Amino acid sequence: MTSVFDGTPFDIDTRPSVLDQFTADETGRLGRRPRGIAYAAGLDDVLAVVGWARDTRTPLITRGAGTSLEGHLLARGDELILDLSQANSILDLAPADFTATVQPGVTRTRLNAAAAEFGLQFTVDPGADASLGGMAATNASGTTGVRYGGMRANVPALQAVFADGRVARLGRAVRKSSSGYDLKDLVIGSAGTLAVITELTVRLHPIPEWLRSLRISFPTVREAVAAAVELLGLAVPVSRLEFVDAASMAAVNAFRGSGYAETPALFIDLEAASSAAADADEREIQRVCRAYHADGIEVARTHTERHTLWEDRHQLFLALKARSPRHRFLVTDTAVPYSRIADAVGTATRLGAELGLDISVAGHIGDGNVHVVVPYTDTTLPTALRFSDEVVRHALAVGGTASGEHGIGLTKKKYLRAEHGPAVDIMTTIKQALDPHGLLNPGKILDA
Ligand SMILES: Cc1cc2nc3c(=O)[nH]c(=O)nc-3n(C[C@H](O)[C@H](O)[C@H](O)COP(=O)(O)OP(=O)(O)OC[C@H]3O[C@@H](n4cnc5c(N)ncnc54)[C@H](O)[C@@H]3O)c2cc1C
């Protein structure tokens, strides 16, 4: 039997059992079977696939580690998946420049293991072991955003292949540049809809010598949030500032066998230049939190203690999945001004109770970024969607964004115009100019 794939200059896997593995995303949301999977190990492979896709008008979905949460990778059925997980070489580690240059399939934990040998770290930490190409494509951030920023701040340069086959280097591997239009930051966050990222130069940061981690419980959400915002105002050098609600703490206890108070909590990392500075900053954190009636403060000083404390936070999504087996999950991702965080969490909690949903709230509170995880079944899907819709519309009404870090993907498209107004038309013009045949991840961010 012949198919459109016969005679392609690269291998395409069309085995149904393999294609089936590409039909669901991390949240359990389902798409259709793609037509095939092509694996690329470098620029030449990508150019061959993109050239063939252009000639045959076959849409492409570029894939990194597959951990995105907004339906970014779900197929409508006619696409070829361009899988970059095998493009995974660290091309250059330059400690003197505080940079590394990598292929897009390198995962953040692999880069961190290599950088640690030089006392350096790659700080963007979405929890999942995502690929650097995928993280750039979603402009990921995560727990360290409050101190180090997300991918835009940490990728000074990249190489990209555009739909017409042009290969371009965007940005320069320097600390700053005011040169020309910033196409690098246009491609970052474009979710594979404008170009395929084939190489990235990323910033590395020194691993601080003095680190402390704290887990602090509070009687109420309002007090936890107020303490967090006050810490930011006092310029306490926190590198992580995370909020977790009572339901999340209960899920962590059940999943990890821990015995934490099941009340709202902050997870905090603090970085200092000396032991004395770390002591002073820790005392300041404790003072502020006690003023907001903190009723349990646990301090982790050794590497092992700190690792355990952060594993509890990082495994939260797994804990929530374990608590609701046979469910799929909606994850909201709004970011709001600091003064509206307590309001955003309160609104979500009230709505969840009104609608009878078993929600949990957590977030990168240092960035004003609030996630609500909503388990749902086919029966409760309409209620979960109504909940998510009201949470996003509330965030937009108070000056926030529909997506702080996960991206728009398929699921948040309907909010784009409410958030950006006529700027959506400019986005559409850019998409049409760079991808006139609509071949790159069609239907994501903008309608096909
Ligand atoms: C438990 C858990 C916790 C998470 N926590 C966070 C968090 O705290 N912060 C956060 O930001 N995210 C978080 N995420 C979401 C996810 O990890 C990020 O969206 C991540 O950036 C996706 O990277 P990936 O390699 O898995 O990309 P994929 O899921 O494979 O792809 C994501 C998007 O990028 C595109 N893409 C991938 N590679 C390329 C490339 N080389 N060139 C062009 N486009 C490309 C794809 O087409 C797709 O649109 C979490 C996910 C999980 C499962």
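The values are calculated or read from the model by the stated rules, or taken from the named source; none is laboratory data. Everything numeric here is computed off the predicted structure, so don't read it as measured data. Every residue, glycine among them, receives a Cβ derived from its backbone with ideal geometry; neighbour counts consider all protein chains shown. Heavy atoms of the whole protein, side chains included, go into the accessibility calculation; ligands, DNA and RNA do not. Shrake-Rupley method; radii C 1.70, N 1.55, O 1.52, S 1.80 Å.
Take the stretch 91-148 with all the other protein chains still there, run a 1.4 Å probe, and you get 35 Å² of accessible area per residue. Using the Cβ of ALA235 as centre and a radius below 14 Å, the other residues enclosed give a net charge of -3, where K and R count +1 and D and E count -1.
Other residues lying with their Cβ under 12 Å from the Cβ of GLY296 contribute a combined charge of -1, Lys and Arg counting +1, Asp and Glu -1. Relative to the Cα centre, the charge distribution of the stretch 324-420, modelled as +1 at Lys and Arg Cβ and -1 at Asp and Glu Cβ, gives a dipole magnitude of about 240 debye. Residues in the stretch 419-429 carry Karplus couplings, in order, of 7, 10, x, x, 4, 4, 5, 5, 4, 5, 4 Hz; the curve used is 6.51 cos²θ - 1.76 cosθ + 1.60 with θ = phi - 60°, and Gly or Pro positions show x. When you restrict to C-alpha pairs under 8 Å that are six or more residues apart and normalise by the size of the stretch 336-430, the relative contact order lands at 24 percent. With 25 Å as the limit on Cα-Cα distance, the pairs of LYS184/LYS444; LYS184/LYS321; LYS184/LYS412 that go past it are LYS184/LYS321.
Accessible surface area normalised per residue over the stretch 203-292 is 38 Å², counting heavy atoms of protein chains with a 1.4 Å rolling probe. Grab the other residues whose beta carbon is less than 13 angstrom from that of VAL155, score K and R as +1, D and E as -1, and report the net. Local charge sum for VAL155: +4. Applying the Karplus relation 6.51 cos²θ - 1.76 cosθ + 1.60 with θ = phi - 60° to the stretch 249-266 yields 3J(HN,Hα) values of 4, 5, 5, 4, 4, 5, 7, 9, x, 8, x, 6, 4, 8, 10, x, 9, 10 Hz, where x marks Gly and Pro. Size descriptors for the stretch 117-195, from the alpha-carbon set: Rg then Dmax equal 13.2, 41 Å. Let me know the Kirkwood hydrodynamic radius for the stretch 210-313, please, with Cα pairs as the basis and the value in Å to one decimal. By the Kirkwood definition, the hydrodynamic radius is 13.6 Å.
Exposure check, 1.4 Å probe, all protein chains in place: VAL106 carries approximately 0 Å² of accessible surface. Here the Karplus relation 6.51 cos²θ - 1.76 cosθ + 1.60, evaluated at θ = phi - 60°, turns the backbone of the stretch 310-326 into coupling constants of 7, 4, 4, 6, 5, 8, 4, 5, 5, 4, 5, 5, 5, 6, 10, x, 6 Hz, with x for every Gly and Pro. Amide H to amide H, with H built 1.01 Å from N, HIS371 comes under 5 Å of ALA362, GLY363, HIS364, counting only residues 5 or more places away or on other chains. Considering only alpha-carbon pairs that sit under 8 angstrom and 6 or more positions apart, the relative contact order computed for the chain is 16 percent. Estimated from the Cβ-Cβ distance and a Förster radius of 60 angstrom, the FRET efficiency linking GLU298 and LEU47 is about 0.70.
Distance from the Cα centroid of the stretch 152-220 to that of the stretch 1-67 is 25 Å (rounded to whole angstrom). Place +1 on the Cβ of every Lys and Arg and -1 on the Cβ of every Asp and Glu in the chain, take the dipole about the Cα centre, and give the residue among PHE118, GLY443, GLY233 whose Cα lies farthest towards its positive end. Of PHE118, GLY443, GLY233, it is GLY443.
Across the stretch 225-355, the relative contact order, built from alpha-carbon pairs under 8 Å that are at least six residues apart, equals 28 percent. Dipole check for the chain: with +1 at the C-beta of Lys and Arg, -1 at the C-beta of Asp and Glu, and the Cα centre as origin, the magnitude is about 560 Debye.
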